[in-house]
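The values are calculated or read from the model by the stated rules, or taken from the named source; none is laboratory data. Quick caveat: nothing in here was measured; it's all calculated off a predicted structure. Positions of Cβ are backbone-derived with ideal geometry, glycine not excepted, and every protein chain shown enters the neighbour counts.
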Amino acid sequence: MRLIPAFLRRSEAERTGTMSVMEHLEELRRRIVIAFLAILAGAVVGWFLYPYVLELLRDPFCQYLRDNPEVRPPAGCDLVFNSPVDAFLTKLKMVGFLGLIVALPIVLYQLWAFIVPGLTSREKKWSIPFIVTSTLLFIAGAAFAIWTLPRALEFLLGFGGEAVVPLITFDRYVGFVTLVTLAFGVSFLFPVILVFLEAVGRGSSR
């Protein structure tokens with residue numbers, strides 16, 4: 001047990017489920033700090049993945065233009081920006097989102113570990129299935145969002161008519177794709193969330 005870092009060790013009160021309100025708040029703060037550090041470390045990985053992910057996200061827009069040759073925006077399928085800081089800030093947001101995805105198993109574990117003191121020993125064994133299933137479902141939802149994005153763009157961009165061509169900015173496009181990806185990822189988590197809430201409800205009723 002001594003080999004485990006102090007900030008990762010669970011106290012006796014946490015293991016036995018006898019924590020006071022202040023101990024719960026302290027535990028919540030510790031879990032948030034660990035999750036934040038994990039996201040920060042994931043963002044470092046995301047910084048190096050950024051060029052490949054950007055190309056992956058830009059491809060649906062390029063595919064839309066290839067499927068609709070009559071649409072010829074001045075910049076082609078390249079994204080534009082209007083301010084000197086737009087590219088910098090958008091890249092930081094995108095790297096942060098990638099950091100969240102990379103650190104998702106750790107973030108989910110911190111969420112589960114915060115709830116664990118209120119559960120039985122049998123329910124505590126669900127932690128690994130919860131983390132693995134949630135991570136895979138979120139990735140599946142994100143992948144489905146990227147897969148359907150060309151069709152969504154064709155539906156949305158076709159409303160302007162033949163005399164209107166899209167000139168999409170970098171920040172707006174990344175924000176739109178991130179929102180859609182996050183929405184699909186979270187929606188795929190609904191089954192796990194329902195099971196999780198059911199487990200928490202049973203644990204709190206005892």
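One line per residue, one yes/no per condition, for (1) touching an Asp or Glu at 6+ places or on another chain (Cβ under 7 Å); (2) part of a loop (DSSP other than H, G, I, E, B):
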| position | (1), (2) |
| --- | --- |
| Glu27 | yes, no |
| Gly42 | no, no |
| Phe61 | no, no |
| Asn82 | no, yes |
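Just to check your reading of the model, which residue among Val116, Val132, Val95, Val107 is under 21 Å from Asp59 (Cα atoms) and either part of a helix (DSSP H, G or I) or modelled with pLDDT under 85 (or both)?
Within the list Val116, Val132, Val95, Val107, the selection yields Val95.
Yes or no: Pro84 farther than 17 Å from Thr178 by Cα and modelled with pLDDT of 75 or more?
Yes: the conditions hold for Pro84.
Residue pairs, Cβ under 7 Å, 6 or more apart or interchain, first in the range 24-41 and in contact (Cβ under 8 Å) with a residue 60 or more places away in the chain and of a type in the set (Asp, Glu), second surrounded by 14 or more Cβ atoms within 10 Å (Cβ to Cβ) and part of a helix (DSSP H, G or I). List them.
If the second residue must be surrounded by 14 or more Cβ atoms within 10 Å (Cβ to Cβ) and part of a helix (DSSP H, G or I), the pairs left are Glu27/Glu14; Glu27/Phe114.
Starting from the range 93-104, take each residue that is under 17 Å from Ile34 (Cβ atoms) and list its partners that are aromatic (Phe, Trp, Tyr) and surrounded by fewer than 21 Cβ atoms within 10 Å (Cβ to Cβ), counting only C-beta distances under 9 angstrom and pairs at least six apart or across chains.
If the second residue must be aromatic (Phe, Trp, Tyr) and surrounded by fewer than 21 Cβ atoms within 10 Å (Cβ to Cβ), the pairs left are Gly99/Trp47.
Given the conditions (1) under 30 Å from Thr148 (Cβ atoms); (2) at pLDDT 80 or above, report the number of the one that Val71 does not fulfil.
All conditions are met except number (2).
Pairs needed: first member in the range 131-154, more than 21 Å from Tyr52 (Cβ to Cβ); second member anywhere, not in a helix (DSSP H, G or I); C-beta distance under 7 Å; at least 6 residues apart or different chains.
Correct list of pairs: Ser134/Leu189; Leu137/Phe188; Leu137/Leu189.
Looking only at the range 159-181, count every residue that is part of a helix (DSSP H, G or I) and free of Cβ contacts under 8 Å to residues at least 24 places away in the same chain and tell me the total.
5
Scan the range 58-90 residue by residue and report those that are surrounded by 17 or more Cβ atoms within 10 Å (Cβ to Cβ) and basic (Lys, Arg).
Arg58
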